[in-house]
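What follows is a short report on a single structure.
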Amino acid sequence: MTEFFQYWSIYEGFFLLYFIIIFGSYYLQAFISTYVIRDYMRRTKYFDPYDMLNGDYLPKIALVAPAYNESLTVAEAVKSLLGLQYYNYELVIVNDGSKDDTLEKLITNFDLVESEIVSYSNVETKPVRMLYRSANVAYKNLVVVDKVNGGKADAVNVGINHSDAEYCLVVDVDCILEQDTLLRLVEPILHEKNKEVVAVGGVIGASNESEIKYGTLTKFKLPNNFISKIQIIEYFRSFVLSRPFWAKINGMLLISGALGLFKREILAAVGGLSHDSIGEDMDLVMKFHGYCLEQKIDYSIEYIPLPLCWTEVPSTTSILSTQRNRWMRGTIECMSKFKKYAFNYKYGIIGLLSYPYWFIAELSAPLLEFFGFIAIIYFVATGQLNVQFALLLFTTAYVLSVFISFYAVFLFSWHFDNYNKKQNYLSFLTAIIVEPFYYHPRVLFWGLHGYFDKLTKSKKGWGEMTRIGFGKPAN
C-alpha cells in the first residue's frame with residue numbers, strides 16, 4: 001500500500017479526469033437541454049392543446065394509478081385525475097391490498113359498485129379480488145380494481161390487464177396532474193411522422209405545502225421545510241437540465257414512475273413492470289429500449305419539458321433515506337440486469353453512451369466519492385496531501401455545483417413562473433449554498449447504505465413512504 005500511494009501525481013490526474021468528465025457532462029447536458037426547452041417553447045408558443053379536446057382521432061388512454069395506504073390523499077387525487085381534459089380515457093385505480101381505509105374511501109366518495117371482471121391481456125399478477133365501477137354517471141370513466149398486495153409493479157400490471165386502451169399512463173395516485181396533461185403527452189405521438197412513439201415522460205414538481213383545491217394545485221408555495229426545498233432543486237437539475245438532453249438523443253434510461261405514458265401493446269409484450277425489481281420505472285424503460293431495438297422498431301421515447309405532474313416529496317430524513325436507499329438498490333439491479341447493453345453497438349446510443357454514463361455518474365459515484373474521502377484522510381495522515389491542488393479542486397467543484405443548481409432554478413422559473421419571486425430566489429440560493437455541506441453527505445451515506453443493503457440482501461422491497469397529506473406543512 002505504501003508503494004501504491006507513492007505515486008500521488010497519478011491520483012491527481014485521476015481525480016482531475018473524473019472531475020472534468022462529470023462536470024463537463026453536467027454542463028453539456030445543461031447547454032443542450034436549455035436549447036431543447038427553448039425550442040419546445042418556441043415551437044408550441046401558439047399551440048393550444050385544447051384545440052384537440054374533442055378530436056375522435058386521439059388514442060384511448062388508460063390512467064393506471066396504484067394505491068397502497070393512500071387514505072390521506074386518495075380522494076383529492078382521484079378527483080384531480082377525473083378532471084383531466086381529454087376525449088377518450090379511463091382512470092384505473094388499483095388498490096394494492098391497502099392496510100388502511102383507502103378502498104373504503106374510494107367506495108364512499110365515488111359511489112362504487114361491484115362489476116364484472118374483464119381482462120384484455122395476460123401479464124402475470126397477484127389475484128384480483130373485485131372490480132368496481134361508479135354508479136354515478138359523473139364518474140363513468142372510473143374503474144377501481146381491488147387486488148392482493150404485490151407491490152407497485154404488480155398493481156400496474158393489473159391495470160394493464162384490465163384496460164383495452166392503446167396507451168397506458170402510469171401515475172402515482174398521490175400526484176396532482178395539470179388538466180391538459182394528456183393532451184400535452186399525446187402531442188408528440190400525433191406529430192411524429194417518422195418514428196413510432198412508444199413512451200413519453202414529463203417534468204415532475206413538488207407540491208409540498210402548496211394549496212390544493214378540488215383536485216387542482218391552485219397556489220404554489222415554496223415549502224419552509226429544508227429537506228423538501230432541497231429536493232425541489234434536485235428535481236430542477238434532473239428534469240430541466242438533464243432529461244431534455246437524453247430525450248433529444250433518444251437515450252433516456254428513466255421515466256419517472258410518477259408520470260409515464262407507454263404503449264400498452266409493448267407493455268404487455270415485455271411482461272409489464274418487473275415484479276422482482278425495486279427500480280421498476282428504470283427497468284421498464286430499459287426493457288422498452290431493448291425490445292424495440294431487438295425487434296428493429298424505428299422508435300422514439302419522448303419528453304415534454306413542462307411541469308405536468310406535482311407530487312409530495314419526502315419531508316423527513318427518515319422517509320427520504322428510505323427512498324434514496326431504494327433508488328440506489330434499484331440502480332444497482334438495473335445496471336446488473338441490463339449489463340449486455342454496455343458498450344454494445346447493437347444497442348446504439350443506449351449501449352455506447354447512456355449505459356456507460358449511468359454506470360460512471362450514478363452507480364459508481366458514491367463509491368468513488370467515498371474512497372476519495374478515505375484517500376484524502378490517508379494523505380493528510382501521511383503528509384502526502386497536495387494542499388494547493390486539493391483546495392483548488394474543491395473550490396472549483398463547489399463553485400460549479402452552486403452555479404449549475406442556481407441556473408436550474410433560474411431556467412425553470414424563467415419558463416414556467418411557478419417560483420418566480422425574489423424571496424424564492426433568495427431562499428433557493430441559501431439552500432444551494434448549504435447543500436454540499438449539509439445535504440449531500442447524507443445522500444452519499446444513504447447511497448452507500450443502499451449498496452450495503454443490496455450486497456448483504458438485508459433489505460428488500462420499497463419500504464414505507466408515509467405521506468403528510470396535500471397542503472399540510474411538515475413538522
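Read-outs: derived from the displayed coordinates by stated rules, not from any lab. This one's a predicted model, so the numbers in the text were calculated from it and none came from an experiment. As a convention, Cβ positions derive from the backbone with ideal geometry for all residues, glycine included, and neighbour counts pool all protein chains shown.
Put simply, segment 19-148 fits an ellipsoid with semi-axes of 37, 22, 15 Å; these come from the alpha carbon gyration tensor as the roots of five times its eigenvalues, largest first. Label positions at Val434 and Lys421, each projected 7 Å from the Cα along the C-beta direction, are separated by 1.9 nm. When the Cα centres of segment 154-181 and segment 15-83 are compared, how far apart do they sit, in Å? Result: 15 Å between the Cα centres. Summarising the amide proton neighbourhood of Tyr303: residues at separation of 5 or more, or on other chains, whose placed amide H is nearer than 5 Å comprise Gly201. The length gained by stretching the chain between Lys60 and Phe343 to full extension, at 0.36 nm per residue less their Cα-Cα distance, is 98.1 nm. Relative to the dominant Cα principal axis of the chain, helix 422-438 is inclined by about 60°. Where both bridge residues fall in the chain, DSSP classifies roughly 45% of the beta bridges as antiparallel.
From most to least packed by mean Cβ count within 10 Å, the peptides 99-105, 422-428, 115-121 give 99-105, 422-428, 115-121.
Contact order for the chain, expressed relative to its length and based on alpha carbon pairs under 8 Å spaced 6+ residues apart, stands at 18 percent. Each of Gln85 and Tyr35 was given a label point 7 Å from its Cα along the Cα-to-Cβ line. The distance between the two points is 3.3 nm. Going 7 Å from the Cα of Leu353 along its beta-carbon direction, which residues of segment 23-65 have the amide nitrogen within less than 16 Å of the resulting point? Residues passing the 16 Å test: 24-37.
Taking the square roots of 5 times each eigenvalue of the Cα gyration tensor of segment 272-420, largest first, gives ellipsoid semi-axes of 33, 24, 18 Å. For the chain, adding -39500 (n - 2.57) for each run of n ≥ 4 DSSP H residues and dividing by the number of residues yields -15500 deg cm²/dmol at 222 nm. Seen against the Cα atoms of the chain and their longest principal axis, helix 440-456 is set at about 70 degrees. Per-residue packing, averaged as other Cβ atoms within 10 Å, sorts the ranges 247-256, 262-271, 301-310 into the order 301-310, 247-256, 262-271, beginning with the highest. Label-to-label distance for Gln179 and Glu166 is 2.5 nm, based on points extended 7 Å past Cα in the beta-carbon direction. The stretch between Trp414 and Asn224, if pulled fully straight at 0.36 nm per residue, gains 66.2 nm over its current Cα-Cα span. Applying 1/(1 + (r/R0)^6) with r as the Cβ-Cβ distance of Gln295 and Ala390 and R0 = 51 angstrom yields a FRET efficiency of 0.50. The dipole here belongs to the chain: it is taken about the Cα centre, uses +1 on the Cβ of Lys and Arg and -1 on the Cβ of Asp and Glu, and is about 780 debye. Take the Cβ atoms of Thr316 and Leu367, set R0 to 22 Å, and the FRET efficiency comes out at 0.25. Note the angle between two axes, namely the Cα long axis of helix 280-294 and the longest principal axis of the Cα atoms of the chain, as a number of degrees from 0 to 90, rounded to the nearest 10. Once rounded, the angle reads 90 degrees.
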